[in-house]
Amino acid sequence: MVAAIGLAGRAAAEPSPPVRLVVVVGTSSPIRAVTLDTVRDVFLRRQRLWADGSRAMPVNLPADSPHRQAFSRRVLGRLPTELVDYWNRLYFDGIRPPLVLRSPDAVCAYVATEPAALAYVPADAVDEASCRIVLELPTVERER
């Protein structure tokens, strides 16, 4: 009995493999590819327009989502909670943070209807009828 508990405890402590995250746009979007730097700039609202002049519309998952936390670490270099002061400063300049949607399904549905939207979802959540992958995000060995 003790051995079984020890094994279960060890299995729970094992880190889960990193989730494959991809950046997506809607199938009707004119955006064909983006770089990691572009994704970072769009999500930090440093780049607010696409090359064609349309407004770039980044879409986030909720701050407590493990997918958002992984995206924030990999792309923005900090967790959502570490960006609160950043967004508060920008808000006074009239710059709003990215739209937040509750699930990868909601994200795919939104980008399908908004050609200027850019979002991220787990690779296995991509709905190919509504989304097109424009970048696969790098994985990290260990996510905390």
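The values are calculated or read from the model by the stated rules, or taken from the named source; none is laboratory data. Quantities reported herein were computed from a predicted structural model and do not represent experimental measurements. All Cβ positions, even for glycine, are placed from backbone atoms using ideal geometry, and neighbour counts span all protein chains on display.
Would you check which residues across the range 112-128 are over 13 Å from the mean Cα position of the chain (by Cα) and β-branched (Val, Ile, Thr) and list them? Steps first, please.
Keep residues of the range 112-128 that are over 13 Å from the mean Cα position of the chain (by Cα), which gives 112-116, 124, 127-128.
Thr113 - this is the single residue of the range 112-128 that is over 13 Å from the mean Cα position of the chain (by Cα) and β-branched (Val, Ile, Thr).
Exactly one condition in (1) surrounded by fewer than 16 Cβ atoms within 10 Å (Cβ to Cβ); (2) of a type in the set (Phe, Trp, Tyr); (3) within 15 Å of Val24 (Cβ to Cβ) is false for Phe71; which is it?
Only one criterion in (1) surrounded by fewer than 16 Cβ atoms within 10 Å (Cβ to Cβ); (2) of a type in the set (Phe, Trp, Tyr); (3) within 15 Å of Val24 (Cβ to Cβ) is unmet by Phe71, namely (1).
State the number of residues belonging to the range 84-106 that are loosely packed, with under 15 Cβ neighbours inside 10 Å, under 17 Å from the mean Cα position of the chain (by Cα) and assigned to a loop (DSSP other than H, G, I, E, B).
Residues in the range 84-106 being loosely packed, with under 15 Cβ neighbours inside 10 Å, under 17 Å from the mean Cα position of the chain (by Cα) and assigned to a loop (DSSP other than H, G, I, E, B): 3 in total.
Could you give me the residue pairs with C-beta distances under 8 Å whose first residue belongs to the range 35-49 and is loosely packed, with under 13 Cβ neighbours inside 10 Å, whose second residue is assigned to a loop (DSSP other than H, G, I, E, B) wherever it lies, and which are 6+ apart or on separate chains?
Pairs found: Arg48/Ala56; Arg48/Ile95; Leu49/Ala56.
Looking at (1) touching a Leu at 6+ places or on another chain (Cβ under 9 Å); (2) more than 23 Å from Thr27 (Cα to Cα); (3) of a type in the set (S, T, N, Q), which is the only condition Asn60 fails?
Failed condition: (2).
Looking at this structure, is Pro62 modelled with pLDDT under 95 and at negative phi? Can you show your working first?
Working: modelled with pLDDT under 95: no; at negative phi: yes.
Against the criterion (modelled with pLDDT under 95 and at negative phi), Pro62 does not qualify.
Looking at Val22, Val39, which one is assigned to a helix (DSSP H, G or I) and touching a helix residue (DSSP H, G or I) at 6+ places or on another chain (Cβ under 7 Å)? Can you show your working first?
On the way: Val22 fails: assigned to a helix (DSSP H, G or I).
Answer to the check: Val39.
Rundown of residues vs (1) within 23 Å of Thr139 (Cα to Cα); (2) touching a Gly at 6+ places or on another chain (Cβ under 9 Å); (3) not hydrophobic (A, V, I, L, M, F, W, C), yes/no style:
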site	(1), (2), (3)
Val25	yes, no, no
Arg32	yes, no, yes
Arg46	no, no, yes
Ala70	yes, no, no
Pro80	yes, no, yes
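Give all pairs with beta carbons closer than 8 Å in which a residue from the range 108-128 that is in a strand (DSSP E or B) and at pLDDT 95 or above meets a residue that is surrounded by 20 or more Cβ atoms within 10 Å (Cβ to Cβ) and of a type in the set (D, E, K, R); count only pairs at least 6 apart in sequence or on separate chains.
Note: no pairs meet the criteria.
Which condition number does Thr81 fail, the rest of (1) of a type in the set (Val, Ile, Thr); (2) part of a helix (DSSP H, G or I); (3) farther than 15 Å from Pro97 by Cα being met?
(3)
Does Thr81 fit the bill of being among the hydroxyl-bearing types (Ser, Thr, Tyr), loosely packed, with under 12 Cβ neighbours inside 10 Å and modelled with pLDDT of 95 or more?
Working: among the hydroxyl-bearing types (Ser, Thr, Tyr): yes; loosely packed, with under 12 Cβ neighbours inside 10 Å: yes; modelled with pLDDT of 95 or more: no.
Answer is no for this residue.
Quick one: in the range 117-134, of everything that is surrounded by fewer than 20 Cβ atoms within 10 Å (Cβ to Cβ) and of a type in the set (A, V, I, L, M, F, W, C), which residue is nearest to Asp41 (Cα to Cα)? Walk me through how you get there before you give the answer.
Filtering the range 117-134 down to residues surrounded by fewer than 20 Cβ atoms within 10 Å (Cβ to Cβ) leaves 122-130, 132-134.
From the residues that got through so far, the ones that are of a type in the set (A, V, I, L, M, F, W, C) too are 123, 125-126, 129, 133-134.
Details: Ala123: 22, Ala125: 24, Val126: 23, Ala129: 27, Ile133: 18, Val134: 15 Å.
Here the answer is Val134.
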